[in-house]
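Step one of this worksheet: look at the structure below.
The values are calculated or read from the model by the stated rules, or taken from the named source; none is laboratory data. What you see is a predicted model, and the numbers here were worked out from it, not measured in a lab. Methodologically, a virtual Cβ is constructed for each residue, glycine included, from the backbone with ideal geometry; neighbour enumeration extends over all protein chains shown. Heads up: the accessible areas ignore ligands, DNA and RNA and are worked out on the full protein's heavy atoms, side chains in. Shrake-Rupley method; radii C 1.70, N 1.55, O 1.52, S 1.80 Å.
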Amino acid sequence: MNGYLVLGAWKWYVRDHPGVTERMLRAIDRGRQYAAQHKDDVIKFAREQFSMQDTAPVEADYSYNERVVGLDKVAWDDFHKLAVWMKEIGLLKRPWNPKAFFEPRPLLRALPERVSSEFRW
């Protein structure tokens with residue numbers, strides 16, 4: 001099962017603040033890389049920040065979660081499947097349009113290798 005954290009921004013904000021989105025995406029990716037290489041720091045942060053005595057859930061998270069900053073074929077397929085399901089049960093009233101939901105251009109400018117062909121429009 002895949003889980004997603006989707007970041008959102010108003011199109012006008014991205015347009016009126018050039019480069020901010022790209023810098024944020026690169027910073028998130030640097031943080032992801034640091035956390036992956038410094039598990040002890042992350043465990044310590046969780047223990048102190050959230051007053052956790054038992055850090056087993058955080059440690060378990062490391063064993064099965066892969067954090068990806070990007071738009072790949074798996075995300076494309078998952079969102080299409082979700083749209084089909086939502087349509088079937090009546091939650092989605094109009095055709096699924098990924099171009100209205102995703103804006104890959106900032107990611108293409110910041111981390112072009114992280115954007116699969118499905119998101120290149």
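Taking Cβ atoms as reference points and 14 Å as the exclusive limit, the residues near Lys81 contribute a net charge of -2, counting Lys and Arg as +1 and Asp and Glu as -1.
What segment 1-83 shows is 78 Å² of accessible area per residue, with the surface traced by a 1.4 Å probe over protein heavy atoms. Quick one: net charge of Trp121's neighbours, Cβ under 13 Å, K/R +1, D/E -1? After counting each charged neighbour, the total is +1. Peptide packing for 48-60, 24-36, 104-116 was compared via the average number of neighbouring C-beta atoms within 10 Å per residue; ordered from the highest value, the list is 104-116, 24-36, 48-60. The alpha-carbon of Lys11 sits under 29 angstrom from the alpha-carbons of these lysines, leaving out residues fewer than 8 places away in its chain: Lys73, Lys81, Lys87, Lys93, Lys99.
In segment 9-121 the Cα-Cα distances spread across 10 Å bins starting at 0 as 12, 30, 29, 25, 4 percent of all pairs. Tell me, what is the percent relative contact order of segment 53-121, built from C-alpha pairs under 8 Å that lie six or more residues apart? That works out to 44 percent. For the pair Ala9 and Arg32 in one chain, pulling the backbone fully straight at 0.36 nm per residue adds 6.2 nm over the alpha carbon distance. Surface composition of the chain: carbon and sulfur atoms hold 57% of the protein heavy-atom accessible area at a 1.4 Å probe. Seen from Tyr62, the other residues with C-beta closer than 13 Å to its C-beta sum to a net charge of -2, counting Lys and Arg as +1 and Asp and Glu as -1.
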